[in-house]
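Here is the structure we will look at, set down as structure tokens.
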Amino acid sequence: MNIMSEAAVEKALDGKMNDISYKMIGRDVSVYYGEKRALYDVNLDVRENTVTALIGPSGCGKSTFLRTLNRMNDTIDGCRVTGRITLDGDDIYDPAIDVVELRARVGMVFQKPNPFPKSIYENVAYGPRIHGLAKAKADMDAIVEQSLQKAGLWNEVKDRLQESGTGLSGGQQQRLCIARAVAVSPEVILMDEPCSALDPIATAKVEELIHELRANFTIVIVTHSMQQAARVSQRTAMFHLGNLVEENDTDKMFTNPDDQRTQDYIMGRFG
Amino acid sequence: MAPSHIVSAYDEELKYLSRRISEMGGTAEQMVADSVRALVTTDAVLAQKVISEDIILDNAERQINEKAIVTIAKRQPMAADLREIMGAIRIAAELERVGDLGKNTAKRVIAVQSSGMPRTLARGLEHLAELALMQLKEVLDVYATRSVDKAKAIRERDDEIDAIYTSLFRELLTYMMEDPRNITPCTHLLFCAKNIERIGDHATNIAETIYYMATGSQPEGERPKDDTSTSVVAADLSEASE
């Protein structure tokens, strides 16, 4: 895989590291599924070029919050979002916002790899094509190659780009989905348990990839694996019963968290 | 008290570690007390017992480390659990060193005995040992209770031991200057005094580890130091006695 070293990533981020800038800001975000309230006034700022991990027990609202960031909740009947979420200062729930364009800027990778039943090449080319990002075939070839490079998959698939994406291994499929998300040059990538269906080696490759993607993208990841959150993220947010309990530097979060609920959850104790 | 783990076997593993640490502490305490008693009463049999007990602490430390490593691999501990396990590894190492120092003191009993040591000299050592043992006993109590305040208090009290050690150092040097025949026993006693003073340091290290285990941060500020023996020279002593 074509992976940047830790030092290279830090270097690429040099200068950006000192002054924190926030890519997305959530203020008093509440989500209702019909009568049921799933999130309670969440205030969470997502730092640019940072991996933010969302953790918490099942049903705590972490995936719900993740989905508010590119309005994936719009597709669920009876789902209502209140509060304010901005991307570079613009309210993403403004009626004037083009949701398709928003989702190109805030891409998403899901729990189960879900490549289209098309060739590897077409899987990656699909997004850029509908967004009109490539004028000529050569441009598209370049986008496909770069995206597969960024997803650390190029060397494994470059000789079989016309084969079906569904024929790849689970880990390769997930990296193909990451390449697909990356192909439309998003600014933020949301990942909803991207490794939960992968074996440890494929997981390690995706984690290494997340680490490298941070140089160019802002990443928000939902994970059930505390160790994964500790490994891949710089900031961690802990959700519990629809509330944001604590948001902190990851190193602090997993060695000495401030909140007792975080402490009990990460240590696997009865709360 | 923190709530129990969902996986109860995890609790058992942590309990095993703390139980073994307490046992090591008890053994180390006994060894140090016996070594000083053997020295003061020139009891070679007791000294031999201390020497033979050192292996108990060596084995216990090894077992604690093995258990800790397996627990880390198996449970991937976080936060307070992780600090608990790291603390156990560190405290086991400190206690093993305390045992070594007791053993070293015991080994010198025969040399001191055969070169004829004046009784009065041992008195100063006894007092030093009382303080060091008190530190050790209290720090082991703190390990059981995890009292942050008491851990801090122990850390701040090590200077008493240092001060007595320095005065003992000067005293032994004076005896050596008075009569060259004192040099052999006094040199051994000097090492014994150093051993005991080190035990105080180890107790202080344990107090700092417990503080970290309980709070997740290191105690602030330098620990107090009153060991000025490093700058004692014979010239000062002769001036003082003139």
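The values are calculated or read from the model by the stated rules, or taken from the named source; none is laboratory data. Predicted, not measured: the structure shown is a model, and the values here were computed from it. Using ideal geometry, Cβ is built from the backbone for each residue, glycine included, and neighbour counts are taken over all protein chains shown.
Taking the criterion of being over 18 Å from B:R83 (Cβ atoms) and more than 7 Å from chain B (Cβ to nearest Cβ), the residues of region A:247-270 that qualify are A:E247, A:R261. For A:Q146, are the conditions met, namely being over 15 Å from the mean Cα position of the chain (by Cα), more than 25 Å from A:N73 (Cβ to Cβ) and modelled with pLDDT under 95? Yes, satisfied. Does A:P113 satisfy the criteria of being within 15 Å of the chain's Cα centre (by Cα) and not aromatic (F, W, Y)? Taking the combined requirement at face value, the residue satisfies it.
For region B:44-62, residues that are surrounded by 15 or more Cβ atoms within 10 Å (Cβ to Cβ) and either in contact with a Pro (Cβ under 6 Å, 6 or more places away or on another chain) or not aliphatic (A, V, I, L, M) (or both) total 5. Scanning region B:56-72 for residues that are without any contact (Cβ under 8 Å) to a residue 12 or more places away in the chain and not in a helix (DSSP H, G or I) turns up nothing.
The single condition from (1) within 14 Å of chain A (Cβ to nearest Cβ); (2) touching a residue at least 40 places away in the same chain (Cβ under 8 Å) that B:Q76 fails is (2). Pick from region B:191-233 the residues that are within 14 Å of chain A (Cβ to nearest Cβ) and surrounded by 15 or more Cβ atoms within 10 Å (Cβ to Cβ): which of them is farthest from A:N256 (Cα to Cα)? My answer is B:Y211. Within region B:1-17, the residues that satisfy the criterion of being surrounded by fewer than 17 Cβ atoms within 10 Å (Cβ to Cβ) and either polar (S, T, N, Q) or touching a Gly at 6+ places or on another chain (Cβ under 9 Å) (or both) are B:P3, B:S4, B:I6, B:V7, B:S8. Could you check region A:102-128 and list, in sequence order, the residues that are closer than 30 Å to A:D28 by Cβ, out of contact with any His (no Cβ under 8 Å at 6 or more places or on another chain) and assigned to a helix (DSSP H, G or I)? Of everything in region A:102-128, those that are closer than 30 Å to A:D28 by Cβ, out of contact with any His (no Cβ under 8 Å at 6 or more places or on another chain) and assigned to a helix (DSSP H, G or I) turn out to be A:L102, A:R103, A:R105. The requirement of being surrounded by fewer than 16 Cβ atoms within 10 Å (Cβ to Cβ) and either among the polar types (S, T, N, Q) or over 23 Å from A:A53 (Cβ atoms) (or both) is fulfilled nowhere in region A:174-189; no residue meets it. Apart from one condition, A:R160 fits all of (1) of a type outside the set (V, I, T); (2) buried (at least 17 other Cβ atoms within 10 Å of the Cβ); (3) free of Cβ contacts under 8 Å to residues at least 60 places away in the same chain; (4) outside any helix (DSSP H, G or I); the exception is (2).
Would you confirm, using the coordinates I've provided, whether A:T86 is of a type in the set (S, T, Y), over 30 Å from A:A8 (Cβ atoms) and assigned to a helix (DSSP H, G or I)? For A:T86, the condition - of a type in the set (S, T, Y), over 30 Å from A:A8 (Cβ atoms) and assigned to a helix (DSSP H, G or I) - is not met.
Every condition in (1) under 23 Å from B:Q135 (Cα atoms); (2) within 14 Å of chain A (Cβ to nearest Cβ); (3) surrounded by 21 or more Cβ atoms within 10 Å (Cβ to Cβ) is met by B:R83 except one, and the failing one is (3).
If you go through region A:229-261 and keep only what is in contact with a helix residue (DSSP H, G or I) (Cβ under 7 Å, 6 or more places away or on another chain), of a type in the set (S, T, N, Q) and either modelled with pLDDT of 95 or more or closer than 12 Å to A:T52 by Cβ (or both), you end up with A:S233, A:Q234, A:T236, A:T250. Pairs meeting the criteria (first residue in region B:1-24 and closer than 23 Å to B:V139 by Cα and within 14 Å of chain A (Cβ to nearest Cβ), second residue of a type in the set (S, T, N, Q) and not in a loop (DSSP other than H, G, I, E, B), beta carbons under 9 Å, at least 6 apart or on different chains) are B:A2/A:Q260; B:A2/A:Q263; B:E13/B:T71; B:L14/B:T71. Within region B:48-55, not a single residue is part of a helix (DSSP H, G or I) and more than 30 Å from B:S114 (Cα to Cα). Do we find that A:S185 is of a type in the set (S, T, Y) and at positive phi in this structure? Criteria met by A:S185. If you check A:A204, A:A237, A:A230, A:A197 for being surrounded by fewer than 24 Cβ atoms within 10 Å (Cβ to Cβ), out of contact with any Lys or Arg (no Cβ under 7 Å at 6 or more places or on another chain) and either more than 12 Å from chain B (Cβ to nearest Cβ) or of a type in the set (D, E, K, R) (or both), only one passes: A:A204.
Of all residues in region A:186-218, those satisfying the criterion of being more than 16 Å from A:T64 (Cα to Cα) and either at pLDDT 95 or above or touching a strand residue (DSSP E or B) at 6+ places or on another chain (Cβ under 8 Å) (or both) are A:P186, A:E187, A:V188, A:I210, A:H211, A:L213, A:R214, A:F217, A:T218.
Quick check: is even one residue across region B:120-140 more than 22 Å from the chain's Cα centre (by Cα) and away from chain A (no Cβ under 14 Å)? Checking region B:120-140: at least one residue is more than 22 Å from the chain's Cα centre (by Cα) and away from chain A (no Cβ under 14 Å).
For region B:86-108, residues that are touching a Cys at 6+ places or on another chain (Cβ under 8 Å) and within 14 Å of another protein chain (Cβ to nearest Cβ) total 0.
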